[in-house]
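Below: the structure, in structure tokens.
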Amino acid sequence: MCDSSDLEVRTTEKGKSLFTKKEVKKGEVLLAFERNFVSRPSRFTLQIDEGVFQISSSPGTLENYINHSCDPNCYIDFSELVFRARRKIRQGEELSFNYNTTEWDMERGTDKGFVCCCSAENCVYKVRGFRYLSPEIKAVLRPILSPFLTKKLLRENARLQKNLQKSLQRKEVLLAQPIQLLTPDN
Ligand SMILES: [Zn+2]
């Protein structure tokens, strides 16, 4: 695990961001999130469950300077509530994670979402929370989703599947009708 002295907050054209001062191995833990929880979201919270949000005890805590990227070098490992490297990270790189992998609905929070300038090929442009993403992007993010969003996605997929089956059944009924009309008994 990285030491807090291996990380530093720097001011860039985007504002304040968190950087690593050393090379980080894939899978290495960069920091552990504080275990304080509140029931309302804000700019500094991380969604854990419905109405459960993690928050640090002080606005100056390093975890509050991690910016969003649509193609991030880190992710949040919810089994231990730690910030982990998704790939090898070079010394001096900015650290990021994808806010859409943890937040369900930022429009309803105090943050209201924001326009992303990460310049990644897969940039979603407006970051508003997982619920607003296309089914294709949702499926791509699945391996790095929080347990809460995984649960939401599975429920959503089950509902779509059910609706599809219902509409197929309706089509079958419609297709079956003219055939009935042509039977000799009619
Ligand atoms: Zn982006």
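Since every read-out is calculated from the coordinates, none of them should be taken as a lab result. Not measured: the values here are computed from a predicted model. Because the Cβ atoms are built from the backbone with ideal geometry, glycine has one as well, and the counts that use them run over all protein chains shown.
Before moving on, here are some points about what is shown:
- Top of Ala176, Ala32, Ala120 by mean-square fluctuation, Gaussian network on the chain, Cα under 10 Å: Ala176
- Once the Cα atoms are used to define both axes, helix 147-181 deviates from the longest principal axis of the chain by about 10 degrees.
- Tail beyond 24 Å, pair distance distribution of the chain (Cα, percent): 46 percent
- Residues Arg155 and Glu93, FRET efficiency given R0 of 25 Å [Cβ-Cβ distance, rounded to 0.05]: 0.10
- For Glu103, the amide hydrogen comes within under 5 Å of the amide hydrogens of Phe130, counting only partners 5 or more places away or on other chains and with H modelled in the peptide plane.
- Candidates per trypsin sites (Lys or Arg not before Pro) in the stretch 55-90, loop by DSSP, up to 15 other Cβ within 10 Å: Arg87, Lys88, Arg90
- Between the C-alpha center of the stretch 76-119 and that of the stretch 30-62 there is a gap of 13 Å.
- In the chain, helices alone account for a calculated mean residue ellipticity at 222 nm of -8000 deg cm²/dmol, with every DSSP H run of four or more residues adding -39,500 (n - 2.57).
- Most positive-pole-ward Cα, Phe78, Leu141, Leu164, against dipole of the chain from beta carbon charges: Leu164
- Each Lys and Arg adds +1 at its Cβ and each Asp and Glu adds -1 at its Cβ; summed about the Cα centre, the chain shows a dipole of about 340 debye.
- For the stretch 1-119, lysine pairs separated by 8 or more sequence positions, or belonging to different chains, with Cα-Cα distances below 28 Å total 13.
- Calculated from backbone phi, Karplus (6.51, -1.76, 1.60) coupling profile of the stretch 69-84 in Hz, x at Gly/Pro: 9, 6, 10, x, 8, 9, 8, 9, 8, 6, 5, 10, 6, 10, 9, 10
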